[in-house]
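Every number in this text was worked out from the coordinates using simple rules, so none of it is lab data. For clarity, every value in this text was computed on a predicted model and none was experimentally measured. Don't worry about glycine lacking a Cβ; one is built from the backbone with ideal geometry, like all the others, and counts go over all protein chains shown.
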Amino acid sequence: MTEKKLKDIKRIAVFTSGGDAPGMNAAIRAIVRNAVHNDLHIYGIMRGYEGMIDGNIKRLETTDVSNIIHRGGTILKTARSQRFMTPEGRKKAYENLVDNDIDALIAIGGNGTFTGATKFIEEYPDFPVIGIPGTIDNDLYGTDFTIGFDTAVNTSIQAVDKIRDTADSHNRLFFVEVMGRHSGFIALHTAIGGGAGGVLIPEEDTSIDDLVRLLKRGAKRAKLFSIVIVAEGNHMGTVYDIAKKVEAEINLYDDIKVTVIGHLQRGGSPSAFDRVLSSVLGFSAVEGLLAGKSGVMAGIKNNTIHYTPFLEAISKSKPLNKDLLRMSHILAQ
Ligand code: F6P
């Protein structure tokens, strides 16, 4: 972790990177407003690390962030940059930041974003960088919640409610795939809040036999339809493969259907929770920079701001709440 003295930081730049998440705009707004409050000049870098490499950097005024708190996506756009993974890309980015007299960076993103930031700080240790966790996956160590997770879960649960109507009407089994490449947070919360009959997540080994047993137990109790939530990163294969395998084993329902909610989960107006979380984290990122912090992610644990080193945030895995998982299995029966 490096430190840069308060007097050195006059111009900071913010960017969003990786998958967009509802609430990123609320975070940008909080960063701009708190920076202006502290007499800093604030800049927006377009399309994440791509814009840093291309020099796509523009001044942000307080009015530029008016009327965005309720908007999904990111006004700064985003990208998954391959070029920033190379030393040449990072050198170009550094040169552009220096050319624009930028003193410090605020990165809003997930694991890939902070992996890039960690490499950048290793090579340019005099350049302060603070991160804010922005990903619907909620898979970052060092924060109880990431920006966008709550909205994504609300979106998924609304979809499951609708699927429930048609599943019930037709006595059908539905497999509903939600996002989460490496983690089951969205799936678990959707399963609990959506009253699902089962959940398949990367953090737990479940077999087709386990799943069939669970569904048969439900059918014995006169369950005529069921909904199973499948995290995209589960270990049993694609949601279509799983549905086919289960279909070969049971004859309890009139039909088996698959719904992939997909990128619907990434868009939409952020929930009240995400707007407040994003505002708090954006505000705290500026406070952190001014307090001389760098190489850390501002997160929230037990309603308190915590700054976790990037290295920890990207290398430690955030455990699922095992009690919640156990509860979801019991409530699914
Ligand atoms: O990391 C967020 C996320 O939405 C994952 O849940 C999902 O697997 C991935 O991004 C999809 O990324 P893309 O939009 O680049 O296909």
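Brief remarks on what is shown
- In region 114-137 there is no residue matching the filter, namely being in contact (Cβ under 8 Å) with a residue 12 or more places away in the chain, within 15 Å of the ligand (Cβ to nearest atom), among the aliphatic types (A, V, I, L, M) and part of a helix (DSSP H, G or I).
- Those residues of region 254-270 which are of a type in the set (A, V, I, L, M, F, W, C) and under 12 Å from Val153 (Cα atoms), in sequence order: Ile261, Leu264
- Candidate set: region 251-271, residues that are surrounded by fewer than 16 Cβ atoms within 10 Å (Cβ to Cβ) and over 30 Å from Gly148 (Cβ atoms); chosen: the one nearest to the ligand (Cβ to nearest atom): Asp255
- Filter pass, Met52 being closer than 17 Å to Pro128 by Cα, in contact with a helix residue (DSSP H, G or I) (Cβ under 9 Å, 6 or more places away or on another chain) and in contact (Cβ under 8 Å) with a residue 24 or more places away in the chain: yes
- Residue match in region 203-224 (condition: in contact with a helix residue (DSSP H, G or I) (Cβ under 9 Å, 6 or more places away or on another chain), over 20 Å from Ile163 (Cα atoms), within 16 Å of the ligand (Cβ to nearest atom) and in contact (Cβ under 8 Å) with a residue 24 or more places away in the chain): yes
- In summary, Arg164 fulfils each of the numbered conditions (1) closer than 24 Å to Gly72 by Cα; (2) more than 11 Å from the ligand (Cβ to nearest atom); (3) of a type outside the set (Asp, Glu) with the single exception of condition (1).
- For region 292-312, the criterion of a residue being farther than 27 Å from Pro202 by Cα, part of a helix (DSSP H, G or I) and touching a helix residue (DSSP H, G or I) at 6+ places or on another chain (Cβ under 8 Å) is satisfied by no position.
- Candidate set from region 97-113 (those that are within 16 Å of the ligand (Cβ to nearest atom) and not in a strand (DSSP E or B)); member that is surrounded by the most Cβ atoms within 10 Å (Cβ to Cβ): Thr113
- For Tyr94, the conditions (1) part of a helix (DSSP H, G or I); (2) within 16 Å of the ligand (Cβ to nearest atom); (3) hydroxyl-bearing (Ser, Thr, Tyr) are fulfilled apart from (2).
- Taking the criterion of being within 13 Å of the ligand (Cβ to nearest atom) and hydroxyl-bearing (Ser, Thr, Tyr), the residues of region 138-156 that qualify are Thr146, Thr151, Thr155, Ser156.
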